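These notes are about the structure you will find just below.
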Amino acid sequence: MLIRGFKIVQSKRFEVYIEDLEVYAGSAVVKIETAAICKADIRYYLGSRDARTLNLKYPINLIHEAIGTIVKDPTNSFKKGDKVALVPNIMIDKDKQDEFDIALSSDPRLGENYSPKALFASSSYNGFSKDYIAYPARNLVKIEDNIDSSIAVFSELISVSIAAIRRIILKEDDIIGIWGDGILGYILCSVLKQVHKGPIVVVGHNQEKLDMFEGVKTYLSNDKAIKKEKINVAFECIGGVASEGGIDEIMTVVQTGAKLVFTGVAENSIGINTRKILEKGLAIYGVTRSTVEDFKGAAELLKTKEFSSDISKLIIDETSIYGIKDYYKVFEIEAESRALGKHIMNFKF
């Protein structure tokens with residue numbers, strides 16, 4: 001079976017690839033239906049990572065946020081026509097795992113997403129920008145048919161939020177602060193509203209975006225009143241060079257002994273005031289990616305009407321992708337967009 005996909009071969013240049021679909025042991029054939037572009041995809045598209053890294057990655061299929069339909073599953077894990085989310089973090093087979101890998105996978109605060117041996121679609125493994133894919137059945141999670149695929153495509157970011165929350169032990173009375181008024185901050189806030197009973201505070205730079213965070217208290221950055229909230233758990237969802245200022249503000253306003261969870265990615269090194277960490281006895285946790293179990297948690301949350309409604313507000317528009325020109329168009333729009341949300345792609349090619 002021949003399949004068609006789009007690979008990025010250099011900055012701002014995609015090419016159509018026609019390839020044989022190899023169905024290997026343990027894989028299922030999935031038709032990609034709906035996809036969304038991540039900031040990491042944009043960095044590859046714009047060529048904004050270092051030249052050595054880009055040369056090692058190109059050519060590659062981008063996209064690691066996708067929903068598909070089962071075409072064939074030799075493992076009998078799914079039925080033909082099942083709607084599934086594709087989990088981009090691919091762990092090596094169990095028979096190849098050593099004691100370290102097994103320990104990671106069994107640790108509820110960590111997981112196989114921290115294994116250096118794991119592959120990641122659209123980074124160290126071809127992503128989902130193709131019409132059909134043979135993908136490990138263990139890396140597929142069923143999505144209920146009545147959940148709109150344009151909402152379900154946010155499963156990857158929902159799973160990352162779940163991974164960030166399980167990185168620490170939350171208490172019911174913890175006062176949580178989220179720094180970042182972007183899409184991850186919004187989704188993390190939406191997840192926390194479903195699982196946390198205590199107060200949630202969101203800090204950002206854009207009042208229009210903050211107004212979309214319903215049911216929680218919001219502040220513009222540098223508001224002196226933030227300190228009065230007595231935040232003892234803080235999530236950094238800023239990323240980039242701006243995270244330096246955000247992290248400094250977090251360390252200034254949180255309570256002594258607070259837990260800080262970093263989720264944002266900065267391509268270059270940033271400065272962190274270690275004196276504040278020592279003086280206030282702060283604990284810092286890093287988070288990256290997510291696991292199959294996190295995706296299962298996302299699938300459960302999407303069944304909740306209130307949660308799905310919150311996520312639906314992130315859909316800016318939808319574009320049918322009939323060919324490479326349509327694909328280019330959405331990448332250009334996403335590269336320029338500063339709105340809170342995504343331009344969803346529906347694959348029709």
Helix-only [θ] at 222 nm, the chain, -39500 (n - 2.57) per DSSP H run of 4+, per residue, nearest 500, equals -8500 deg cm²/dmol
Got a number for carbon plus sulfur as a percent of the chain's accessible area, 1.4 Å probe?
50 percent
Cβ-based charge dipole, the chain, positive-most Cα from Leu184, Tyr44, Ala266
Ala266
Radius of gyration and Dmax for the chain's Cα atoms, expressed in Å?
20.2, 62
What net charge do the residues around Arg43 carry, taking every other residue with its C-beta under 11 Å from that of Arg43, with Lys and Arg at +1 and Asp and Glu at -1?
0
Estimated dipole of the stretch 225-271 in Debye, rounded to 20 [Cβ of Lys and Arg +1, of Asp and Glu -1, Cα centre]:
320 debye
nm² value of the averaged projected area, convex hull over the Cα atoms of the stretch 59-114:
5.9 nm²
Rounded to 0.05, the calculated FRET efficiency for the beta carbons of Met1 and Ile102 at R₀ = 45 Å is 0.80
Counting Lys and Arg as +1 and Asp and Glu as -1 over every other residue whose Cβ sits under 12 Å from the Cβ of Ile147, the net charge comes to 0
Check each of the trypsin sites (Lys or Arg not before Pro) in the stretch 212-255 and keep only those in coil by DSSP with at most 15 other C-beta atoms within 10 angstrom; list them in order.
Lys230
How many percent of all Cα-Cα pairs in the stretch 1-86 sit more than 21 Å apart?
41 percent
Could you compute the net charge surrounding Phe213? Neighbours are other residues with a C-beta less than 13 Å from the C-beta of Phe213; K and R count +1, D and E count -1.
-1
In Å, descending, principal axis extents of the Cα set of the stretch 97-192
45, 40, 24
Structure shown: which of Lys171/Lys227; Lys94/Lys303; Lys228/Lys342; Lys39/Lys130 lie over 25 Å apart, alpha-carbon to alpha-carbon?
Lys94/Lys303; Lys228/Lys342
Hand me the trypsin sites (Lys or Arg not before Pro) from the stretch 70-138 located in a DSSP loop with no more than 11 other Cβ atoms within 10 Å, in residue order please.
Lys79, Lys80, Arg109
Run the numbers for Ser337 and Asn268: contour at 0.36 nm per residue of separation, minus the present Cα-Cα distance, in nm.
22.6 nm
To the nearest Å², the heavy-atom accessible area per residue of the stretch 40-162 with 1.4 Å probe amounts to 42 Å²
Gyration tensor (Cα) of the stretch 192-231, equivalent ellipsoid semi-axes in angstrom
18, 15, 6
For Phe235, distant residues with modelled amide H under 5 Å away
Gly177, Ile178, Trp179, Val261
Projected label distance in nm at Ala51 and Lys348, using a 7 Å step from Cα toward the beta-carbon
4.1 nm
Spelling out what I want: for every residue of the stretch 84-92, take phi, set θ = phi - 60°, compute 6.51 cos²θ - 1.76 cosθ + 1.60 (Karplus), and round to whole Hz; glycine and proline get x.
9, 9, 9, 8, x, 7, 10, 7, 5
Average projected area [Cα convex hull, the stretch 163-210], square nanometres
3.3 nm²
Could you please put Glu65, Glu244 in sequence from largest to smallest accessible area, using a 1.4 Å probe?
Glu244, Glu65
Cβ charges +1 (Lys, Arg) and -1 (Asp, Glu), total dipole of the stretch 188-288, debye:
500 debye
Need the full-extension length gain, Glu144 to Asp248, defined as separation in residues times 0.36 nm minus the C-alpha distance. One decimal, nm.
33.3 nm
When the chain is fully extended, how far beyond the present Cα-Cα distance does Ser11 get from Ser309, taking 0.36 nm per residue of separation?
103.7 nm
For the chain, what's the relative contact order in percent, using C-alpha pairs closer than 8 Å and at least 6 residues apart?
18 percent
Put one equal scatterer on each alpha carbon of the stretch 178-295, apply the Debye formula with no solvent term, and list log10 I(q)/I(0) at q = 0.12, 0.14 1/Å to two decimals.
-0.41, -0.56
About its Cα centre, the chain carries a charge dipole, from +1 on Lys and Arg Cβ atoms and -1 on Asp and Glu Cβ atoms, whose size in debye to the nearest 20 is 240 debye
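The values are calculated or read from the model by the stated rules, or taken from the named source; none is laboratory data. If you're wondering where the values come from, they're calculated on a predicted model, not measured in any experiment. Note that we place each Cβ from the backbone using ideal geometry, even for glycine, and neighbour counts take in every protein chain shown. Note: accessible area is taken over every heavy atom of the protein model, side chains too, but ligands, DNA and RNA are not part of it. Shrake-Rupley method; radii C 1.70, N 1.55, O 1.52, S 1.80 Å.
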